[in-house]
Each structure stands twice: as structure tokens, then as C-alpha cells.
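The values are calculated or read from the model by the stated rules, or taken from the named source; none is laboratory data. Since we're looking at a predicted model, the values are computed, not measured. Glycine also receives a Cβ, built like all others from the backbone with ideal geometry; neighbour counts cover every protein chain displayed.
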Amino acid sequence: MTTTVDLAPSPTPPSEPRAPRRLSPGLQPSDRIFHGGATVIGMVVLALTGAIGLFLGYQSIPTLHTYGLHFFTETQWLPELNKIGIAAVLVGTVEVALVAMVVSFPLALMLALFITDYAPKRIKSWLISTVDLMAAVPSIIYGLWGFYLLQPHAINVARFLSQYVGWFPVFHVDTDPNAAVWQQSRYTSSAFIAGLAVAMMAIPLACAIMRGVFDQAPLGEREAAMALGGTRFGVARTVVLPFAKGGVIGGTMLALGRALGETAAVLIIISPAYDIKPRILEAGTQTTSALIAGNFGNATKSQLSALLTAGFVLFVITLGVNSIAAVFIRRSRSGAGTEI
Amino acid sequence: MTTLYSVPQVDEDDAPPARPRTPRRIRSFTPEDRFAAVGSVLASLALVDVAYLHIFYFSGLLGFLLCWYVAYLVVYGVVVSLANPRPIVVERLVTSTLYLASAVVVLALGSTVVYIFAKGWRALVHVNFFTHDMAGVSPTAPLTQGGILHAIVGTVIEVGIAVAVSVPLGIGTAVYMTEVRGRGSKLVRTVVESMTALPEILAGLFVYVVLIIEFGLSKTGLAVSAAMAVTMVPIIARAGEVALRVVPGGLREASSALGATHWKTVVRVVLPSAAAGLVTATILAIARGIGETAIPLICSGASSFMNTNPVQEPMNSLPLYIYTAYTTHESLAITRAFGAASVLMTMVLVLFVTARFLVRDKKVRR
């Protein structure tokens with residue numbers, strides 16, 4: 001009995017070299033379209049966003065040409081007299097941001113530590129939502145809150161500070177704080193109160209970053225510290241905080257970048273004043289964003305360019321702050337441990 | 001039979017007294033501790049009441065609370081240190097401080113939400129507040145006239161256009177940076193990352209100078225949308241990139257190993273796995289866009305009439321309405337501003353809850 005099996009002829013002639021088959025056959029046509037499309041989108045976004053940066057930089061040239069270095073040393077913004085400078089405005093911007101950071105840094109740090117290490121489970125998820133919601137609340141709403149609800153209380157604190165630490169120039173207010181009928185209007189609309197409202201926007205941003213980094217603190221080290229008899233604070237001090245140092249700095253810087261550029265809340269709270277003063281509790285200050293929002297409407301072309309230059313300076317500052325933040329956050333070993 | 005290993009036989013009688021089966025509680029907070037805490041609260045309250053109000057004649061609720069808290073920490077620290085070693089004293093004080101810090105933040109947010117609604121309530125109860133615009137209604141008119149329909153509609157249209165533009169661009173950029181990884185992706189990442197630092201007002205000013213001054217377009221809703229998109233694209237791209245990056249590489253490799261093309265891998269595997277993160281990124285951007293005040297202030301005027309056409313005539317929006325009503329300093333206008341703020345807050349809350357819901361839903365299904 002014979003069965004015929006059709007044997008295919010040997011597929012590889014023996015003479016062919018034994019080189020391995022190429023694994024990457026190149027892109028499929030669909031992938032080529034996909035890659036091309038994604039690249040186009042990436043390039044469009046690059047062009048769009050890059051154009052803004054270049055545009056702002058380009059617009060600053062005529063301003064700097066006209067006003068020279070006086071642009072950075074002049075305090076007044078008097079377009080009618082052709083006296084334009086951002087010295088006072090920059091100082092005001094930094095003051096408001098610094099107040100915001102002084103208030104928000106400890107609160108954000110403590111809140112983040114509380115969420116990761118202290119809070120009972122039920123409160124924990126609830127608090128995380130609260131912080132996220134806080135980030136979503138529009139800044140103008142914080143402005144209304146700061147102006148109508150916070151300010152009447154905050155001026156008492158401001159007066160207290162000027163009464164007892166008024167010898168320190170930062171807390172000095174040019175009025176008699178001990179007067180029986182004290183001049184409340186000298187304490188309103190100050191950099192201090194604007195900073196408090198801006199702090200509300202800085203807290204969730206900083207807290208979210210810090211929480212993310214605290215969460216990544218190695219469990220083994222935590223447990224080891226616990227096993228050695230550490231208290232929760234001991235664990236936080238010896239394991240979590242040293243591990244998360246980069247993230248804490250990065251989160252704070254990121255919040256600072258946000259605080260520097262804040263517009264709406266500041267615009268509602270402050271009353272414009274163009275002088276360089278360290279007295280943060282005193283009425284009147286000005287920030288770069290508020291300056292732009294207040295002056296763009298009736299500006300001539302050259303003044304618009306001056307406003308753009310002021311904006312460009314602000315942008316360069318926030319960009320610098322954010323870049324430093326990014327470096328710190330990247331260093332903090334984040335993003336590891338997500339592979340299967 | 002020989003046993004190689006001698007198993008120690010434990011007699012029931014020799015065994016140490018039976019240990020309770022429940023694990024020992026390592027964080028004990030005895031009734032005594034509780035008494036110390038409550039007692040310290042009351043003691044410090046009494047102390048501050050006397051010192052603050054009756055000796056130094058200070059005024060102000062905020063200062064009172066602050067002093068009360070400091071006094072509490074001191075009293076509580078002393079009480080705890082009577083019976084406990086230093087580490088425990090520190091631990092207790094830190095715990096108190098952390099609880100308070102969290103309470104302060106929650107209280108601040110809570111007071112914001114409650115205050116906005118409480119002040120806006122008088123405007124919100126009138127139906128015409130939601131169904132009329134402010135055309136021909138003066139800021140001092142009673143609340144039974146006029147409304148903010150034009151601002152609500154304007155916000156929805158402006159944000160809608162901005163989202164329609166920025167979501168594809170943002171997510172496309174994120175895909176380009178993480179999946180395609182073309183030659184320019186590093187540059188794109190750097191530029192996009194730096195553009196998240198762009199203050200909103202500058203985006204507005206940019207659009208104002210380019211579109212309105214240079215190209216002579218009028219102040220419209222579209223200009224607002226364009227400026228909004230400029231701020232939203234980097235946010236979505238950056239948050240989206242993070243969401244895509246945490247998709248495990250194993251999933252991508254598994255998909256490729258099954259013969260899927262890169263396109264199919266991205267569309268069927270990577271994007272669905274990252275959906276929750278992408279939705280969050282989008283909602284984050286919408287929440288940011290919805291609250292932009294500086295942009296509509298610069299790129300569109302505060303019109304008082306209804307306008308659904310984004311390319312003609314100024315278009316009002318909720319934040320701009322709030323701001324302009326605030327600048328009138330008329331009490332009725334400010335009540336309306338708070339009413340509009342409540343509506344804005346409600347929109348944000350709805351968006352927020354939706355995002356939470358979507359994220360939770362995804363996690364359960366996975």
C-alpha cells in the first residue's frame with residue numbers, strides 16, 4: 001500500500017545564507033498616514049505655540065529700543081507723558097506671588113502629607129476630590145471670595161501685624177494703627193489680600209504634585225522605619241520628606257509660576273498703585289497681568305507693544321520658574337514603576 | 001521508624017498563656033488621650049478668651065481663631081508631655097497641626113462655594129435670570145428684569161469651539177510625543193511645556209494684537225475661543241502625555257506581537273487604556289477655559305445682548321459678566337454677579353463630578 005504525500009519542494013534552497021529575517025518590515029501604509037498625521041499635528045502645535053513666544057519677543061524689540069533700560073527702572077506707567085516702566089509692576093507681581101507662596105507652601109505641604117500619611121481612608125479620597133475641585137474653581141470666584149468675604153477679616157490681621165511688627169518695613173502701614181477709629185481703607189486692596197486669594201489657586205497645584213511624590217516614597221523604607229518603632233511623623237521626617245524633596249520644591253515652583261501670572265483675582269482685589277514699596281499690608285499695588293488688563297483698551301500701537309513687552313518679561317520669569325520646577329520634578333524619581 | 005528531625009513537642013500546659021488572637025493595636029488612642037485633647041481645646045479657648053478679648057482688647061474673628069490654635073498647641077503639648085516621651089509629644093502636635101491645615105483648606109473652599117451661592121441666591125430665584133439677557137436693562141434695575149442667558153450661551157459657545165479645536169490638537173500632540181516619537185518630539189515637548197507657563201492674559205493679548213489689531217477682525221467670540229485654545233492645547237497635551245506615558249509598555253508590545261499595526265495599537269489599546277487620564281486632562285482644560293476672565297475681557301466686549309454668532313459682534317461670557325458687573329459697584333449688579341458666579345460654579349461642579357464619574361467608571365471596568 002502506497003500513499004503518496006505531496007511533499008512541497010524544499011522551501012529554502014540550501015545555497016541561501018542563513019541570515020536572520022528582518023523583524024521590522026517598515027511601516028504599513030496606514031501607519032505611515034498615522035505617523036504623518038501625528039507629526040503634522042505636533043508641528044502645527046509647535047508652530048502655533050512657538051509663534052507666540054517669538055512674537056512676544058519680537059514685539060519687545062521696538063519697546064526696548066525706544067525706552068531702553070529705563071523700561072526696567074521706571075516705576076510709573078504714564079503713557080500720556082511717555083513715561084513707561086515696569087519696575088514697580090514687577091515688584092508688585094513678585095510681592096503678591098510671594099505672599100501667596102508663604103501662605104500656600106505650608107498649607108499645601110501639610111495637606112499633602114496629611115492625605116498620604118495621616119488621613120483615614122474615607123477622608124483621604126474625599127480630600128483628594130476636594131483638592132482637585134479647588135483647582136477647578138475659576139479664579140474670578142476666588143477674587144469675589146477674597147474681596148467680599150476674606151477682606152473684612154483679613155484687614156484685622158493686617159492691622160494686628162502693623163501694630164506689633166510694624167517696625168519691620170514689610171509690615172509697616174503709613175497710618176496710625178493704634179487710632180481708636182482706625183483707617184480701614186488703608187489696609188484694603190493690598191498685596192497681602194490679593195496674595196491670600198492667589199494662594200487658594202496655588203495650594204491645589206502644589207498639593208497635587210507633592211501628594212504624587214509622597215505616594216511614591218518606597219514602601220519598604222516606610223515599613224522599615226515603622227518597624228524600628230518610628231512614629232508617623234518619624235517616618236515622614238526620615239523617609240517621605242527626604243525622598244520627596246525634589247517634588248516639594250518642584251510643586252512649589254510650579255505654583256509660584258501660576259501665582260505670578262494670575263489675573264482675575266488680583267484685578268478684583270487690588271487698587272492700582274505704581275510705586276515700589278515693601279509694605280505689603282498697605283492699600284494699592286500693581287501686577288503685570290493686572291496692568292495689561294487695565295491698560296490694553298485705550299493703548300496706542302506703541303503702548304500695546306510696551307504692554308506686550310511687560311507681558312514678555314512676565315512670561316520669561318514664569319518660564320524660568322517653571323523650567324526649574326520641571327527639573328526638580330523630573331529628578332524626583334517620578335514615573336517609575338508603571339511597567340508590567 | 002526513625003525520625004530524622006526531632007519535632008519539639010509543646011505541651012498544652014507548658015505553653016505561655018494564650019495570646020489574644022486579635023492583633024495588638026499599634027496606634028492606641030486611649031480615653032485618657034482623648035480627654036487630654038478635648039481638655040486642651042477647652043482650656044486654650046478659655047485662656048484666649050480672657051487674654052485676647054479682656055486683657056489685650058484685640059478684635060477680629062480670624063485673629064481669635066489663630067491665637068486659639070496657637071494656645072491649643074502649647075496647652076496640648078504640655079499636657080501630653082506630662083505622661084509621654086518626646087517622640088509621642090511631637091507626633092501628637094504634628095497630627096493636630098496637619099488636621100488643622102487640612103481643615104483650613106477645606107473650610108476655605110467650602111466657604112467660597114457656600115458664600116457664592118448664598119450671595120447669588122436672591123438673583124437665582126428669579127426665572128428671568130436664566131431666560132433673559134441684559135439688553136436695555138440698567139445695572140440698577142430690579143432683579144425681576146434681565147438675566148444672564150447671553151453670558152451662559154456665550155460661555156458655552158466659546159468653550160465649545162475652543163474644546164473642539166484644542167482636544168484633537170492636544171491629544172494629537174500627546175500621541176506624537178509619546179507614541180510616534182518623531183525627530184521633533186523633544187522640541188515639541190519643550191515648547192509645549194514652556195507654553196503651559198504662558199499667563200492667560202498674554203494669550204489674550206497675543207490674539208488681540210494679531211487678529212484684532214493686525215488683521216482687523218472685530219472683537220468676537222471666535223477671538224476668545226482662539227485665545228482659549230492657545231491656553232488649553234498645552235494643558236491637554238501635557239496632561240495627556242502623562243496619561244499616555246503611564247500606559248504599561250507591555251500592553252503595546254502585546255498588541256504589536258498579535259500583529260496589530262501601530263495605528264491599531266494606539267487606537268484600540270493605548271488610547272482606551274489612557275481614556276480616564278485623557279478625559280481628566282480635557283476636563284481640566286475645560287475648567288480652566290470656562291473660568292478665563294482676562295481673555296474675554298481683551299478679545300471680546302461685554303455685550304448686554306444675546307449673540308449666538310461667534311464671528312460677528314462681541315459675545316459676553318460668565319466670567320466677563322461677573323467682572324463687569326463687579327466694576328459697576330452697584331449692589332444689584334453685584335448680586336447679579338454673584339448669581340452668575342453661582343451658575344459658573346455649578347457648571348464647574350457638574351464638569352468635575354462628570355470627570356470623577358467617568359474616571360471611577362473606567363477603573364471598575366478594567
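A few remarks follow.
- Qualifying position, being within 14 Å of A:A51 (Cα to Cα), in contact with a Leu (Cβ under 8 Å, 6 or more places away or on another chain) and either within 7 Å of chain A (Cβ to nearest Cβ) or among the aliphatic types (A, V, I, L, M) (or both), among B:L202, B:L217: B:L202
- Members of segment A:206-228 found to be farther than 30 Å from A:S162 by Cβ, among the hydrophobic types (A, V, I, L, M, F, W, C) and part of a helix (DSSP H, G or I), listed by number: A:C207, A:A208, A:I209, A:M210, A:V213, A:F214, A:L219, A:A224, A:A225, A:M226, A:A227
- Residue count, segment A:143-170 (criterion: more than 26 Å from the chain's Cα centre (by Cα) and of a type in the set (F, W, Y)): 4
- The one condition in (1) within 30 Å of A:A206 (Cα to Cα); (2) out of contact with any Asp or Glu (no Cβ under 9 Å at 6 or more places or on another chain); (3) touching a residue at least 24 places away in the same chain (Cβ under 8 Å) that B:W68 fails to fulfil: (2)
- Between A:V235, A:V240, A:V198, the distinction of being more than 12 Å from chain B (Cβ to nearest Cβ), farther than 23 Å from A:V137 by Cβ and either more than 19 Å from the chain's Cα centre (by Cα) or aliphatic (A, V, I, L, M) (or both) belongs to A:V240 only.
- Flag for A:Y142 being within 7 Å of another protein chain (Cβ to nearest Cβ), surrounded by 22 or more Cβ atoms within 10 Å (Cβ to Cβ) and among the hydroxyl-bearing types (S, T, Y): yes
- In the condition set (1) touching a residue at least 12 places away in the same chain (Cβ under 8 Å); (2) in a helix (DSSP H, G or I); (3) of a type outside the set (G, A, S); (4) within 10 Å of chain A (Cβ to nearest Cβ), B:K264 is compliant with all but (1).
- Just one residue in the set B:A276, B:A333 is under 30 Å from A:D31 (Cα atoms), more than 10 Å from every other protein chain (Cβ to nearest Cβ) and in contact (Cβ under 8 Å) with a residue 40 or more places away in the chain; that residue is B:A276.
- Test: residue in segment B:142-151 that is modelled with pLDDT of 90 or more, crowded, with 19+ Cβ neighbours inside 10 Å, within 10 Å of chain A (Cβ to nearest Cβ) and in a helix (DSSP H, G or I): no
- Every test in (1) at the interface with chain A (Cβ under 10 Å from one of its Cβ atoms); (2) in a helix (DSSP H, G or I); (3) crowded, with 18+ Cβ neighbours inside 10 Å is passed by B:E292 save one, and that test is (2).
- Look at segment A:108-119: where a residue is more than 10 Å from A:C207 (Cβ to Cβ) and more than 8 Å from every other protein chain (Cβ to nearest Cβ) and a partner is acidic (D, E) and surrounded by fewer than 22 Cβ atoms within 10 Å (Cβ to Cβ), sitting 6+ places away or on another chain with Cβ atoms under 6 Å, you get A:T116/A:D215.
- Residue match in segment B:320-340 (condition: among the polar types (S, T, N, Q) and in a loop (DSSP other than H, G, I, E, B)): no
- From the options B:Y115, B:Y99, B:Y176, residue that is in a helix (DSSP H, G or I) and more than 27 Å from the chain's Cα centre (by Cα): B:Y176
- Residue in segment B:181-192 that is facing chain A (nearest Cβ under 7 Å), free of Cβ contacts under 8 Å to residues at least 24 places away in the same chain and touching a Gly at 6+ places or on another chain (Cβ under 6 Å) present: yes
- Qualifying positions in segment A:127-186 - more than 30 Å from A:L205 (Cα to Cα), part of a helix (DSSP H, G or I) and hydroxyl-bearing (S, T, Y): A:S162, A:Y164, A:S185
Yes or no, residue by residue, for (1) in contact with a Cys (Cβ under 7 Å, 6 or more places away or on another chain); (2) part of a helix (DSSP H, G or I); (3) at pLDDT 85 or above; (4) within 30 Å of A:W182 (Cα to Cα):
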{"position": "B:R34", "(1), (2), (3), (4)": "no, yes, no, no"}
{"position": "B:V38", "(1), (2), (3), (4)": "no, yes, yes, no"}
{"position": "B:V41", "(1), (2), (3), (4)": "no, yes, yes, no"}
{"position": "B:A51", "(1), (2), (3), (4)": "no, yes, no, yes"}
{"position": "B:Y57", "(1), (2), (3), (4)": "no, no, no, yes"}
{"position": "B:F64", "(1), (2), (3), (4)": "no, yes, no, yes"}
{"position": "B:Y69", "(1), (2), (3), (4)": "no, yes, yes, yes"}
{"position": "B:L73", "(1), (2), (3), (4)": "no, yes, yes, no"}
{"position": "B:Y76", "(1), (2), (3), (4)": "no, yes, yes, no"}
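- The selection criterion, being more than 10 Å from chain A (Cβ to nearest Cβ) and either in a loop (DSSP other than H, G, I, E, B) or at pLDDT 90 or above (or both), does not hold for B:G250.
- Extreme residue, surrounded by the fewest Cβ atoms within 10 Å (Cβ to Cβ), among residues of segment A:52-61 that are facing chain B (nearest Cβ under 9 Å) and more than 22 Å from the chain's Cα centre (by Cα): A:F55
- Residues located in segment B:79-101, provided they are more than 13 Å from chain A (Cβ to nearest Cβ) and surrounded by 13 or more Cβ atoms within 10 Å (Cβ to Cβ): B:V79, B:S81
- Within segment B:39-94, if we keep just the residues that are of a type in the set (F, W, Y) and under 35 Å from the mean Cα position of the chain (by Cα), the residue that is farthest from A:Y118 (Cα to Cα) turns out to be B:F64.
- Checking the stated criteria, B:T112 turns out not to satisfy the condition of being more than 13 Å from every other protein chain (Cβ to nearest Cβ), free of Cβ contacts under 8 Å to residues at least 24 places away in the same chain, of a type in the set (V, I, T) and out of contact with any strand residue (DSSP E or B) (no Cβ under 7 Å at 6 or more places or on another chain).
- Filter result for B:L358 (within 13 Å of chain A (Cβ to nearest Cβ) and either modelled with pLDDT of 85 or more or surrounded by fewer than 19 Cβ atoms within 10 Å (Cβ to Cβ) (or both)): no
- Residue in segment A:62-85 that is modelled with pLDDT under 85, surrounded by 14 or more Cβ atoms within 10 Å (Cβ to Cβ), within 14 Å of chain B (Cβ to nearest Cβ) and within 30 Å of A:V266 (Cβ to Cβ) present: yes
- Options A:L267, A:L219, A:L205; residue that is farther than 30 Å from B:T328 by Cα and under 21 Å from the mean Cα position of the chain (by Cα): A:L205
- Filter result for A:I193 (free of Cβ contacts under 8 Å to residues at least 60 places away in the same chain, buried (at least 21 other Cβ atoms within 10 Å of the Cβ), among the aliphatic types (A, V, I, L, M) and under 28 Å from B:T293 (Cβ atoms)): no
- Boolean, A:G284 is touching a residue at least 60 places away in the same chain (Cβ under 8 Å) and at the interface with chain B (Cβ under 10 Å from one of its Cβ atoms): no
- Residue-level check: of (1) surrounded by fewer than 20 Cβ atoms within 10 Å (Cβ to Cβ); (2) touching a residue at least 40 places away in the same chain (Cβ under 8 Å), B:T327 misses just (2).
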